[in-house]
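Peer 1: If you scroll down you'll find the structure; I have some questions about it.
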Amino acid sequence: MMGLLKGKKAVVFGVANRKSIAYAIAKKMKEEGAELGFTYAGKIMEKRVIPISEELGGKFCLPCDVLLDEQIIHTFQTVKKEFGQLDILLHSVAFAPQDALKGRFVDTTRQAFQMSLGVSTYSLVALSRYAEPLMSEGGSILTMTYLGADRVVKNYNVMGVAKAALESSVRYLAEDMGEKGIRVNAVSAGPIRTMAASGIGGLRHILTTFPKVAPLHRNVTPEDVAGTAVYLASDLASGVTGEVIYVDAGYNIVGLH
């Protein structure tokens, strides 16, 4: 049986380890026939991501700090050299200083705000701009968001603002790039115990109470998110762009409970 992504070329930004959502998505993409390339940010992540790239048959694994245009440019030069064209871009990149993920949002410093929005939001715009010329036959750009973009989630603070800007960016990018057949979508995942999520205060409480409220009465898994991401990356979603699709066991539909 041919996979949903047979013959497609994908570049993955944001794998942290084998518990990360980006890893689950990349693994599922590989299973569905995609050829993968990976990036990492910094020496610490290099030691984690290179073995994952080797496991999943990555065509390349490059350093790419999304705050540095020269590294972004080099990454897409390599994509062009190794793949020729690009079909899928997975953006699973987010960061906020630890101090900005506790206490009151009003106390967020200018530096923390600019850093959070630069890494978590503007990076999607920058990566999309350089990916666009390589998606000459259309393509799918995917990013990861969370309910905190739309509602107040305690301790999510500046990251909620960054994700709100990210979701708005998805819509504007979808409009810009639609005439070239490039689709841009976001997946809003429920809370999952990942390295990134561990920096948010009260995660244990969230994971405990979430199944009591969500209609499916369970937490979601990275594999749940991966299935939706593969759908959005595939031709099955050829008419879907500018959307935020929730994979949160229905939690987002619930009001007072």
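The values are calculated or read from the model by the stated rules, or taken from the named source; none is laboratory data. Given the structure is predicted, the values throughout are model-derived calculations rather than measurements. FYI the Cβ positions are ideal-geometry reconstructions off the backbone, even for glycines, and counts take in every protein chain you see.
Peer 1: Restricting to segment 7-25, name every residue that is within 11 Å of the chain's Cα centre (by Cα) and buried (at least 24 other Cβ atoms within 10 Å of the Cβ).
Peer 2: Correct list: Val12, Gly14, Val15, Ile21, Ala22, Tyr23, Ile25.
Peer 1: Moving on. Of all residues in segment 56-75, how many are part of a loop (DSSP other than H, G, I, E, B) and within 22 Å of Met115 (Cβ to Cβ)?
Peer 2: Residues that pass the stated criteria total 5.
Peer 1: Which one is modelled with the highest pLDDT among residues in segment 26-45 that are out of contact with any Leu (no Cβ under 8 Å at 6 or more places or on another chain), surrounded by 15 or more Cβ atoms within 10 Å (Cβ to Cβ) and assigned to a helix (DSSP H, G or I)?
Peer 2: Checking each candidate, the answer is Lys28.
Peer 1: If I filter segment 151-169 for residues that are within 20 Å of Thr228 (Cα to Cα) and charged (D, E, K, R), do I get at least one hit?
Peer 2: Yes, segment 151-169 contains a residue that is within 20 Å of Thr228 (Cα to Cα) and charged (D, E, K, R).
Peer 1: Please verify whether Gly58 is closer than 24 Å to Ala237 by Cα and either among the small types (Gly, Ala, Ser) or surrounded by 15 or more Cβ atoms within 10 Å (Cβ to Cβ) (or both), treating the condition exactly as stated.
Peer 2: Taking the combined requirement at face value, the residue does not satisfy it.
A quick yes/no check of all residues on (1) part of a helix (DSSP H, G or I); (2) more than 22 Å from Phe210 (Cβ to Cβ); (3) among the small types (Gly, Ala, Ser); (4) in contact with a Ser or Thr (Cβ under 9 Å, 6 or more places away or on another chain):
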site	(1), (2), (3), (4)
Ile141	no, yes, no, yes
Asn155	no, no, no, no
Gly160	yes, no, yes, no
Ala174	yes, yes, yes, yes
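Peer 1: State whether one or more residues within segment 82-98 are touching a strand residue (DSSP E or B) at 6+ places or on another chain (Cβ under 7 Å) and among the β-branched types (Val, Ile, Thr).
Peer 2: yes
Peer 1: Could I ask something else about it? Only residues in segment 34-51 that are under 18 Å from Phe95 (Cβ atoms) count as the first member; pair them with residues that are acidic (Asp, Glu) and not in a helix (DSSP H, G or I), Cβ under 8 angstrom, at least 6 apart or cross-chain, and list the lot.
Peer 2: Every condition considered, the pairs that remain are Ala41/Asp65; Gly42/Asp65.
Peer 1: Given the condition part of a loop (DSSP other than H, G, I, E, B), in contact (Cβ under 8 Å) with a residue 40 or more places away in the chain and either of a type in the set (A, V, I, L, M) or surrounded by 18 or more Cβ atoms within 10 Å (Cβ to Cβ) (or both), answer yes or no: does some residue in segment 115-127 qualify?
Peer 2: The answer is no; no qualifying residue exists.
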